[in-house]
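Student: Let me begin by handing over the structure; questions about it come next.
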Amino acid sequence: MDINQTKGKLKCHRCEVCSGYGCIGELPGLGGVFESKNFQLNCKGWKDFSEKALSENSDLFNSIIVKPEDLRCGPVTGAMENIGYANEKDFYFPYLNNAFSSGIGLCVGDGCPDEKLLNGIEAVKKIGTKAAFFLKPYPDEKLAERVQWVKPYAEFIGIDIDSFNIVTMRNLVHLERKTADQLEKFRKSFNVPFVIKGVFTQEDLELVKEVKPDVVYISNHGGRVETRVGSTADFLFEHGSELKKYCKELWIDGGIRCSDDVKTALFYGANKVIAARPFIRGTFDEDYDKIIEKMVK
């Protein structure tokens, strides 16, 4: 039962193991596309690759200590339609402040209407820190306006290259598939590190090679984009070494649920590991410390 009905009703089913089977296809909500197939594969991938890592080099794997600074909270918007909050604005400050107070880096997402991004900016300003901001690929003029909004509070600025494939964004706004030339122009509009987020296909790999961003962020948006079937863990294993030739840091999300998942991502070359659903639930249920105990050790 929700601890505070005035918050709303959490759309998460609070499964004992969050692995994509309790909310199959629930969009809007916390489910995923393809009957949550990629959500399920994301979660399973870390378990499979942790076993592989242990078989390859158990001493190295077991020597990895997960620290809060290895983590960031995911860039989340849509608190009402996707999470179940009664009021959109009520989500942003507690979600980001919980992460900040735990020593975890912050990511802020973009959304429709504009108030979603503005709510994230306001929360970061109130906390008195900076964050990684991820903007949707709007037409260039609108994107330039958003850059001006986030610049005073940004330690990284990225673009969600594939977010036009997010089912819950479809038909709400006009988003574009950005070219390498457009991304180069975009990065010249600010002086903080540039992130390409949503790298998950061969086409994305070619774009990374051409643009050479500061950070490559492997993501299929928690299994919420209709691109291809697969897991982020598989993609990291298959392409991580190649991607690191074209960037300074490699970030990844998708199905991260515990410290062993984080260790596995770090073992296979990730520099930062991002999680959202566990931190969303911990924020709503006000038991964030329990989540941190599972994620950091």
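The values are calculated or read from the model by the stated rules, or taken from the named source; none is laboratory data. These numbers come from a predicted model, not from an experiment. As a convention, Cβ positions derive from the backbone with ideal geometry for all residues, glycine included, and neighbour counts pool all protein chains shown. These area figures cover heavy atoms from the full protein model, side chains too; ligands, DNA and RNA do not enter into them. Shrake-Rupley method; radii C 1.70, N 1.55, O 1.52, S 1.80 Å.
Student: Using a 7 Å offset from the Cα along the Cα-to-Cβ direction at both Glu203 and Leu27, what is the distance between the two label points in nm, to one decimal?
Tutor: 1.6 nm
Student: Here are some pairs, Lys7/Lys142; Lys130/Lys197; Lys178/Lys248; Lys209/Lys248; Lys52/Lys136; which of them have Cα atoms lying more than 24 Å apart in this structure?
Tutor: In this structure, Lys7/Lys142; Lys52/Lys136 lie more than 24 Å apart at Cα.
Student: While we're here: Report the convex hull volume per residue for the chain, counting only C-alpha atoms, in Å³.
Tutor: Cα-based convex hull of the chain, divided per residue, equals 115 Å³.
Student: Right, here's the next one. Find the accessible area per residue for the chain; the probe is 1.4 Å, ligands and nucleic acids are left out, and the unit is Å².
Tutor: About 43 Å² of surface per residue is accessible.
Student: Shifting gears a bit: Need the C-alpha centroid separation for region 1-54 versus region 185-260, integer Å.
Tutor: 21 Å
Student: Could you work out the relative contact order of the chain, using alpha carbon pairs under 8 angstrom and six or more residues apart, expressed as a whole percent?
Tutor: This gives 22 percent for the chain.
Student: Let me ask another. Just read off the accessible area of Thr179 with the full protein assembly in place, 1.4 Å probe, to the nearest 10 Å².
Tutor: 70 Å²
Student: At q = 0.18, 0.23, 0.24 Å⁻¹, what base-10 log of I(q)/I(0) does the Debye formula yield for region 1-101 when every alpha carbon is treated as an equal point scatterer in vacuo?
Tutor: Listed by q, the Debye log ratios stand at -1.05, -1.24, -1.27.
Student: Another one. Using heavy-atom solvent-accessible surface (probe 1.4 Å) with all chains present, what is the largest-first order of Phe91, Phe237?
Tutor: Solvent-accessible surface, decreasing: Phe237, Phe91.
Student: Accessible area, 1.4 Å probe, largest first: how do Met295, Met80 sort?
Tutor: Output order, biggest surface exposure first: Met80, Met295.
Student: While we're here: Counting Lys and Arg as +1 and Asp and Glu as -1, what is the net charge of the other residues whose Cβ lies under 15 Å from the Cβ of Cys23?
Tutor: +4
Student: Cross-link candidates for Lys47: which aspartates and glutamates have Cα within less than 18 Å, leaving aside residues fewer than 8 places away along the same chain?
Tutor: Glu16, Glu56, Asp59, Asp234, Glu238, Asp253, Asp260, Asp261
Student: Using 0.36 nm per residue of separation minus the Cα-Cα distance, give me the extension gain between Glu16 and Lys67 in nm, one decimal. Please list the in-between numbers first.
Tutor: Numbers: separation 51, 0.36 × 51 = 18.36 nm, distance 2.43 nm.
Computed gain between Glu16 and Lys67 is 15.9 nm.
Student: Students sometimes get this wrong: rank Asp289, Asp162 by accessible area, probe 1.4 Å, all chains present, largest first.
Tutor: Ranked from most to least accessible, the order is Asp289, Asp162.
Student: Taking 8 Å as the Cα distance limit and 6 or more residues as the minimum spacing, I'd like the relative contact order of region 78-180 as a percentage.
Tutor: RCO, region 78-180: 22 percent.
Student: Sticking with the crude label model, points 7 Å out along Cα→Cβ, report the distance from Asn87 to Lys248 in nm, one decimal please.
Tutor: In this crude spin-label approximation the distance works out to 4.0 nm.
Student: Give me the accessible area of Val33, 1.4 Å probe, in Å² rounded to the nearest 10.
Tutor: Its accessible surface works out to 10 Å², give or take rounding.
Student: Turning to a different aspect of this structure: How far is it, in nm, from the label point at Lys151 to the one at Thr6 when both lie 7 Å from their Cα along the line to the Cβ?
Tutor: Using points 7 Å along Cα→Cβ, the separation is 4.0 nm.
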